[in-house]
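Scroll down for the structure; my scribbles are underneath it.
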Amino acid sequence: MRNLRLFLLFVSLSFKSFADEGMWLPYLLGQLNEKEMKAMGMKITAKDIYDINKGSLKDAIVQFGGGCTGEIISEQGLVLTNHHCGYGAIQRLSTLENNYVNNGFWSQQQSAELPSPGSSVTFISRMEDVTALVLKEVTNKMTEPERQSTIDKKLTELKSTYKKETYENITIRPFYNGSMYVLIATVTYKDVRLVGAPPASIGAFGADTDNWVWPRHGGDFSIFRIYAGPDNKPAPYNASNVPYKPKKSLSISLKGVKEGDFTMVFGFPGRTNEYLPAIAVQQTLELNNPIKIQLREVVLKAQKDFMQNDAGIKLQYSAKYAGIANAWKKWIGENLGLQSSGAVAKKKAYEQLFQKRLQANPAFITEYGTILTDINTLYEAAAPYFYIRDAFNETVGNSEILNQALGYLNLEKMLTTGYTEPIKKEKEALLAAAKAFYKDYSAKVDEQVLTRLLEVYFTKTEDAYHQNIVDLGYAANYKENAAAIAHSIFENSFLANIDQLKAAFEKTNDDLLALLSNDKAFQFAKLLRNNYVNTAAKKVAGYQDNINKLQRLYMQAQMAVMKDKRFYPDANSTLRITYGKVKGYQPKDGVQYHYYTYLDGVMEKYIPGDYEFDVPEKLRTLYKNKDYGPYGQNGKMPVCFIAANHTTGGNSGSPALNAYGQLVGLNFDRVWEGTMSDINYDVNICRNIMVDIRYVLFIVDKFGGAKRLIKEMKLVK
């Protein structure tokens, strides 16, 4: 696949088309998907979706903050995204006196919109296949590091020589496990301001209990605005900056959707691995997910105990808690879906068919004959090392003080060498990061978290990964004394609060080095890291390199052998479009879910004072009076709906578009039984969850009183 024309010919001739599954590159829709999309009900063209010569739908789609999606909904640069995507910004702008998380925020005039440092939006200018250039000097005889080094050099060369505007950035991403490369030109705006957000009781209604499940009743949205310089180009924050004028903004439909309607979701899905072998899926189910779930579970329990009894801690930890819980619950649902759908058995059956077809072709035997055997052998050998990798990362990554401590390894190295100027710069950088870190940090919470993490880590991993803890002065029966170890760490570390850190940084370099050498948090984190690095890290890296190589060959083999299967590239945080139809689903025998929810369901779940299910008085009054304005339907207020669009993390905030490319909803989640879609998509139970755009408008207008924002939008009846 050395050039795009041959690649497209290969794909179009080799694979049957089937609906619902897939995350497709928008610039290839005309060649690969347009006919099918129209057969399913789409009324626009591929050019309307992606066109580099004039404004198209892709010009209204942004990557929000690097990890979510947003869309332009006015000619003055209004950006709609999820509440949970804007949550960090909303939290940073909040204080106990002006708690926008709890109370919401609605700017009644443009001058009241709040600058949001750290927020950004990124547009895609164009996408271009550069596979032939990137792989020009790659040979099959290269080792994986050699291959990657050759590719990296070519990527650097292409980025430096590619013709672009001064305000554009260039990235080049691999697809199909490195068999294809696409160059992407982007433009990033960093003057982004908060315009409106509902209170958490609406935006995060259902919180942890409802996360990843259906039926859903959350108004998961927030609104920002992009500001630009007078030339409409990116500019640092300045009070004189003006609202961005987009090439394209989305029209908003008030008609809603019905079962069987065509829908599209446009956004930046983060990561999928749809083409893994059965053994990899089995290890995810039986080894890797269980240890990650268990470690996050104890973190959440510790944090929640404090958050329920302290408003200040709740404000500090709400965003962190939500982030930890999100993956935790997703992994649980993923395992349930893998089990209930028989994913491993299906993968094995697919591999048997693959192997049968491969054996029928001598050319395939020569090139790919042992591919599955080799992959299975590697995964079996790598299993214990991948397990400890996940256990170590979850333990150190979720202990804030240990994670913070590992950031001082470079400083220790500099202090040992004694170079003054680099040390000064390093200390300045660490102190600047610390100011943000300690703003939302509680040592007493973190001590309890560390205690519970160590209890699991000590019992679920082999002694080799922690037995030399006794070298730090702890007793030989340390496994039974996690609480005492954690307490000792916090009692004997200058990393426990910012005042101690500042005092330490004021000392001489020799004294600071001595402090680090005796700091319990630093030494403990360093010991755990060294244990992992010395016993497992190289094994992990080596196995992963070989698995990556074989996975790439297996991908190529599947595409060559399985002629009746259509292959789309795995998600990798690049712009994609997925499409399907609105429909309910039956996750198990005797259970049938409808595709819509209404405000009635919010009131049915209402629990006064409950942090997950409280409902603001104003919303209750609007419901009581059926005061829905033009947004209700047949005396009811639609809230959420589901469809068979193939989405994943990163699609949060993505627009759900109807057959005419009009905004009908805001993607924010998947059903619990379908979270395994990242590695095993099943059209029977995989559904994405969207806020109905009419509920968004209702909350903005009738609840928030921000009618000025509605007037900016183009509503289509």
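The values are calculated or read from the model by the stated rules, or taken from the named source; none is laboratory data. Because the structure is predicted, anything quoted here is derived from the model rather than measured. All Cβ positions, glycine included, derive from the backbone under ideal geometry; neighbour counts span all protein chains shown.
Side notes on the structure shown:
- Restricting attention to region 571-592 and to residues that are farther than 25 Å from residue 123 by Cα and of a type in the set (A, V, I, L, M), the residue that is surrounded by the fewest Cβ atoms within 10 Å (Cβ to Cβ) turns out to be 591.
Here is a yes/no grid of residues against (1) over 28 Å from residue 109 (Cβ atoms); (2) crowded, with 24+ Cβ neighbours inside 10 Å; (3) free of Cβ contacts under 8 Å to residues at least 24 places away in the same chain:
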residue	(1), (2), (3)
601	yes, no, no
631	no, no, no
671	yes, no, no
686	yes, yes, no
690	yes, yes, no
695	no, yes, no
703	no, no, no
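- Pairs with Cβ under 9 Å, 6+ apart, first in region 253-268 and basic (Lys, Arg), second assigned to a strand (DSSP E or B) and buried (at least 24 other Cβ atoms within 10 Å of the Cβ): 255/664; 258/582
- Qualifying positions in region 620-645 - farther than 19 Å from residue 220 by Cα and not in a strand (DSSP E or B): 621, 624, 625, 626, 627, 629, 630, 634, 635, 644
- Those residues of region 407-438 which are without any contact (Cβ under 8 Å) to a residue 24 or more places away in the chain and among the basic types (Lys, Arg), in sequence order: 413, 424, 425
- Residue within region 197-209 that is touching a strand residue (DSSP E or B) at 6+ places or on another chain (Cβ under 6 Å) and buried (at least 23 other Cβ atoms within 10 Å of the Cβ) present: yes
- Number of residues in region 397-413 that are among the aliphatic types (A, V, I, L, M) and buried (at least 21 other Cβ atoms within 10 Å of the Cβ) equals 4.
- Across region 230-237, a minimum of one residue is classified as polar (S, T, N, Q) and surrounded by fewer than 17 Cβ atoms within 10 Å (Cβ to Cβ).
- Looking at 660, 681, just one residue is of a type in the set (Phe, Trp, Tyr), within 16 Å of residue 261 (Cα to Cα) and not in a strand (DSSP E or B), and that residue is 660.
- Residues in region 76-92 that are buried (at least 21 other Cβ atoms within 10 Å of the Cβ) and either under 27 Å from residue 245 (Cβ atoms) or in the same structural domain as residue 669 (by TED's automatic domain parsing) (or both): 77, 78, 79, 80, 81, 82, 83, 85, 86, 89, 90.
- Enumerated strands (runs of 3 or more DSSP E) restricted to region 177-263, each holding at least 3 residues that are within 16 Å of residue 81 (Cα to Cα): 192-197, 222-228
- Residue match in region 271-288 (condition: farther than 27 Å from residue 342 by Cα, at pLDDT 95 or above and touching a helix residue (DSSP H, G or I) at 6+ places or on another chain (Cβ under 9 Å)): no
- Region 37-52, subset under 30 Å from residue 119 (Cβ atoms) and part of a loop (DSSP other than H, G, I, E, B), residue modelled with the lowest pLDDT: 52
- Test: residue in region 92-105 that is touching a Ser or Thr at 6+ places or on another chain (Cβ under 6 Å) and over 30 Å from residue 166 (Cα atoms): yes
- When residue 326 is tested against (1) of a type in the set (S, T, N, Q); (2) farther than 26 Å from residue 676 by Cβ; (3) within 24 Å of the chain's Cα centre (by Cα), exactly one condition is not met: (2).
- The set of residues in region 630-666 that are of a type in the set (Val, Ile, Thr) and in contact with a Phe, Trp or Tyr (Cβ under 9 Å, 6 or more places away or on another chain) comprises 639, 642, 664.
- The listed residues are 513, 528, and the only one of them that is in contact with a His (Cβ under 9 Å, 6 or more places away or on another chain), crowded, with 16+ Cβ neighbours inside 10 Å and within 19 Å of residue 404 (Cβ to Cβ) turns out to be 528.
- Flag for residue 507 being more than 30 Å from the chain's Cα centre (by Cα), buried (at least 17 other Cβ atoms within 10 Å of the Cβ) and of a type in the set (Lys, Arg): no
- If you go through region 245-288 and keep only what is under 30 Å from residue 77 (Cβ atoms), among the polar types (S, T, N, Q) and buried (at least 18 other Cβ atoms within 10 Å of the Cβ), you end up with 249, 253, 263.
- Residues (more than 13 Å from residue 669 (Cβ to Cβ) and among the hydrophobic types (A, V, I, L, M, F, W, C)) located in region 640-650: 644
- Pair list, Cβ under 6 Å, 6 or more apart: region 529-545 residue part of a helix (DSSP H, G or I), other residue at pLDDT below 95 and of a type in the set (D, E, K, R): 545/144
- Some residue of region 135-150 being in contact with a helix residue (DSSP H, G or I) (Cβ under 9 Å, 6 or more places away or on another chain), modelled with pLDDT of 95 or more, buried (at least 19 other Cβ atoms within 10 Å of the Cβ) and not small (Gly, Ala, Ser): yes
- If you check 464, 484, 475 for being over 32 Å from the mean Cα position of the chain (by Cα) and in contact (Cβ under 8 Å) with a residue 40 or more places away in the chain, only one passes: 464.
- Yes/no for residue 97 being part of a helix (DSSP H, G or I), out of contact with any strand residue (DSSP E or B) (no Cβ under 7 Å at 6 or more places or on another chain), charged (D, E, K, R) and without any contact (Cβ under 8 Å) to a residue 24 or more places away in the chain: no
- If the condition is being touching a strand residue (DSSP E or B) at 6+ places or on another chain (Cβ under 9 Å) and either in a helix (DSSP H, G or I) or in contact (Cβ under 8 Å) with a residue 60 or more places away in the chain (or both), then region 161-170 contributes only 167.
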